[in-house]
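As C-alpha cells, the structure follows; a few thoughts come after it.
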Amino acid sequence: MNIAEQLKTIPPKPGVYIFHDARGEILYVGKAKSLRSRVRSYFQPRSVLEPAKQQMVPQVAHIDTVSCDTENEALILEANLIRAHQPPYNIVLTDDKYYLFIKITKEAWPRIYAVRRLVTDGARYFGPFSSASAVRHTLKLLRRLFPHFGESYTDKTWFFPHPLFSPATSTANTPTLTLQVGQAIDAAQYRLNIANVINFLEGKREPVMARLRTGMAQAAAARAYEQAALFRDQLQAIEKLEGSHKVYLPRSESFDVISIATDHNQSAANVFLVRGGKLLHKNTFLLKHRTSALPADVLRQFLLQYYRVAQDIPPSILLPFALPDQAAIARWINAATTPHLVVPHRGKKKQLIRMGELNAQQLLTAEQIYFKNDARLQRATQELATALGLTPPLRRIEIYDISNIQGTSATGAMVVFVDGKPHKSHYKKFRIRFHDTARQLPTDQPNDYAMLQQVINRRFASQHTDWPLPDLIIIDGGKGQLSAVKKSLDQLNLKLPVIALAKREEEIFLPGQRAPRHLPYNSDALYLIQRMRDEAHRFSITYHRLLRSKKQQHSLLDEVPSIGPKTKQRLLTHFGSLKKIRMAPPQEIAQIIGSAKATALQDYL
C-alpha cells in the first residue's frame, strides 16, 4: 500500500507510530492520543513541520502503529522503542554508559559502591549522576564517616583509606569492622551506619552532623584529641557543604529543576535536585539530534529518558516551558504520586531555571573544546599510559570495532587517534570476507572473534607495512575479543600493547590478567578512550549501514528484465519490501507499473 492508503487504516486510538524508509529502517518513533489524527498531520499539504521532519517525511515509505489502551502505556512504549532503536530523527541521550548510580546492596552486610547499570536485584539505588567526581568524593566521605564495605568484602584497604577506620580480621560469613583499636562494629552498628548513609544521600544531613558532634565531644572528654580533631574536620566539611547548598525558598520544598540549552545537532539538559529547600545535586546530560530540533521535542524526550531511570521522584518538577502532553508525562513518571510539572514565570524558581541553562550551555562549550585542548589531551594519554603500565607517550592509538546483524553485511573499522586527536586520513574500513580460504578467516558462521582476527590480519599484512605501528591497540569488547586479537598479533610476531574496553561497566581487560581494571570515573583517560571507542563504533556502523542499504537495494527485482531502477523504486516505495510485493494481488501491482510489467514480474517471482 502507498502512504495514502496506509493512512486510511490507522485507528483513532492512543498509541505509538513508527516511520520506516524504503529499506525498512526506522526513521522516527512518536506517541499520539489519536494515531489517525497525529500521523495524518505529517502528510497534510499545509502542515507546519520543523526542518528535520520536513526532511524526514519524503523518506517515509511504510508506517507501523501499535494501539494502546491508555496514553500512559503509549509513553512507556515510545520511550522503550527510542532507547532500543535510537532512530535518526528522534532525540536521544548519549549512551547511558555515562550514567552513574550509587548502589546499596540488599545483604546482611550491605556493600556500597558506584555502578553504571540498574539491575532488578532488590538493591537500593541513588541517581543517576552525571558527575563522576561528585560520586567519588561522596563515597569517600561516606566511607570515612560511616565505615562500610565497598564492592568487595576482601579488598578492604581501598575501601577504608583512613587508619582510624581500618578493617579487623573477619571471615566471609561474619565480617567485622574496627573503628579504632579494640572497638569492633557489630551487625547492629553496621546497619545503623548504612541507615546513616541513606539519610545522607536523601539529603537528611542533620543525623550525620549530630553523630559527629557527639563523637567529637566524647573524644575530647577522653582526651583523644587526634580523633576529636578528625571529627571536627569532618563536621566542618559537611557544614561547609551544607552552607554551599543555598536555601532558595523560605519553605522546605523538594523539587527537580530541568533546563535545556541547544546548539545545532546537540543539546544539554541540566537537572538541579532541590530537597528540603537545599540544592543537593547538579547533573548535566548530553542529547544528540538532528539540526534545528524543536526545544519542546528536546525537553520532552529528555524527560522520558531521564525519568525512566531516576530513583528519587520529587512532588514537583520545574520546566522551562509547557509541553502539550505534560499531564500524561507526569502520570508516566509516577502513576502513584503524580508529580506536578510546573513552569515558573518569576522569582527564585525562575532564577534556578536560568542558572540551569548556564550550566547546560557550559557542558556544550566543554564538549566543543575538549579535543582542541592539547594540554588536557596530553595529560589524558599520559594518565592512560600510567594506568596500563606503558611507557609514554602514546602518540598513535588504533581502535577497532566490528558491526554486523546476525553476520550480515559484516564490517570492521579502524580509527586512529594521534596525540589524542582523531586522525581521519588514516581511518580504514574493512568489509568482512567470508569463505576466505587464503586467510582461513572467518568461517561462514557469524563469529565476532574471527572477524576481528581477519581485520587485524589485513591491517598488519605486508601490503600495509607503510602504515605506522600503533603505540596502543584498543578493541571494543571483552576477554574473548582480546584473546582473539592477541592470538593474531602473536602469529604475526608483533609485540604491540593491546587492551579491550567492555561497555557494560567500562572495564579494561589486559592480556594475561583475569581481573579487569577500572579507571576513575572522573578520569580524563577514561573520557578519552570512551570517545575513541564511540568514534570507532560510529565509523563502523556508518559503513555497515551503507553496505546493508546497497544489499537491500539489490534484490530479485534487479534480475527481472522488464524492471528498471525507476520501476523498482516505485514498487519498493509503494509496498515496502519484496515479501509484500510477492503477497500483493496482480491488480494492485498493475496499477503501479502497468499490466505488462506486472505479468512479467509475477511470472518471475
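Is there a residue in region 234-257 that is modelled with pLDDT of 75 or more, under 20 Å from L358 (Cβ atoms) and either within 23 Å of the chain's Cα centre (by Cα) or acidic (D, E) (or both)? Looking through region 234-257, at least one residue is modelled with pLDDT of 75 or more, under 20 Å from L358 (Cβ atoms) and either within 23 Å of the chain's Cα centre (by Cα) or acidic (D, E) (or both).
For region 15-31: of the residues being modelled with pLDDT of 90 or more and of a type in the set (G, A, S), which is surrounded by the most Cβ atoms within 10 Å (Cβ to Cβ)? Of everything passing the filter in region 15-31, G15 is surrounded by the most Cβ atoms within 10 Å (Cβ to Cβ).
Residues of region 463-480 that are open to solvent by less than 40 Å² (accessible area, probe 1.4 Å) and within 28 Å of the chain's Cα centre (by Cα): L472, I473, I474, I475, D476, G477, G478, G480. Would you be able to say whether some residue in region 76-99 is under 30 Å from R211 (Cβ atoms) and under 27 Å from the mean Cα position of the chain (by Cα)? No, every residue in region 76-99 fails to be under 30 Å from R211 (Cβ atoms) and under 27 Å from the mean Cα position of the chain (by Cα).
For region 481-503, a residue qualifies if it is more than 32 Å from the chain's Cα centre (by Cα) and part of a loop (DSSP other than H, G, I, E, B), and the qualifying residues are L492, N493, L494, K495.
Looking at region 285-304, is at least one residue open to solvent by less than 60 Å² (accessible area, probe 1.4 Å), closer than 25 Å to E202 by Cα and of a type in the set (V, I, T)? So far as region 285-304 goes, no, none of its residues is open to solvent by less than 60 Å² (accessible area, probe 1.4 Å), closer than 25 Å to E202 by Cα and of a type in the set (V, I, T). Candidates D95, D64, D69, D121: the one that is surrounded by fewer than 18 Cβ atoms within 10 Å (Cβ to Cβ), under 30 Å from Y190 (Cβ atoms) and either modelled with pLDDT under 90 or touching a strand residue (DSSP E or B) at 6+ places or on another chain (Cβ under 8 Å) (or both) is D121.
Taking A228, is it at pLDDT 75 or above, touching a Phe, Trp or Tyr at 6+ places or on another chain (Cβ under 7 Å) and of a type in the set (A, V, I, L, M)? So A228 does not fit the description; no. Quick check on this structure: which one of L528, L519 is assigned to a loop (DSSP other than H, G, I, E, B) and modelled with pLDDT of 75 or more? The match here is L519. For V135, the criteria (1) surrounded by fewer than 17 Cβ atoms within 10 Å (Cβ to Cβ); (2) at pLDDT below 85; (3) assigned to a helix (DSSP H, G or I) hold in every case but one, which is (1). Every condition in (1) in a helix (DSSP H, G or I); (2) surrounded by 13 or more Cβ atoms within 10 Å (Cβ to Cβ); (3) at pLDDT below 75; (4) out of contact with any helix residue (DSSP H, G or I) (no Cβ under 6 Å at 6 or more places or on another chain) is met by D558 except one, and the failing one is (2). When region 32-49 is filtered for residues that are in contact with a Ser or Thr (Cβ under 6 Å, 6 or more places away or on another chain) and open to solvent by less than 20 Å² (accessible area, probe 1.4 Å), only L35 remains. Scanning region 351-377 for residues that are at pLDDT 75 or above and open to solvent by 80 Å² or more (accessible area, probe 1.4 Å) gives Q351, R354, L358, Q362, D374.
State yes or no: is A380 at pLDDT below 90 and either small (G, A, S) or buried (at least 18 other Cβ atoms within 10 Å of the Cβ) (or both)? Yes: the conditions hold for A380. Taken as a whole, the condition of being closer than 20 Å to K495 by Cβ and either of a type outside the set (F, W, Y) or at pLDDT 90 or above (or both) does not apply to R433.
Residue check: A322 meets all listed conditions (1) closer than 17 Å to I258 by Cα; (2) aliphatic (A, V, I, L, M); (3) over 27 Å from the mean Cα position of the chain (by Cα) but one, namely (3). Does region 32-53 hold any residues that are at pLDDT below 90 and part of a helix (DSSP H, G or I), and which are they? Selection gives P51, A52, K53. All conditions in (1) surrounded by fewer than 19 Cβ atoms within 10 Å (Cβ to Cβ); (2) within 42 Å of the chain's Cα centre (by Cα); (3) not polar (S, T, N, Q) hold for E226, with the sole exception of (2).
The values are calculated or read from the model by the stated rules, or taken from the named source; none is laboratory data. Note that this is a predicted model, so its numbers are computed, not measured. Every residue, glycine as well, gets a Cβ built from its backbone with ideal geometry; the counts of neighbours run over all protein chains shown. Side chains included, ligands, DNA and RNA excluded: accessible areas come from the protein's heavy atoms. Shrake-Rupley method; radii C 1.70, N 1.55, O 1.52, S 1.80 Å.
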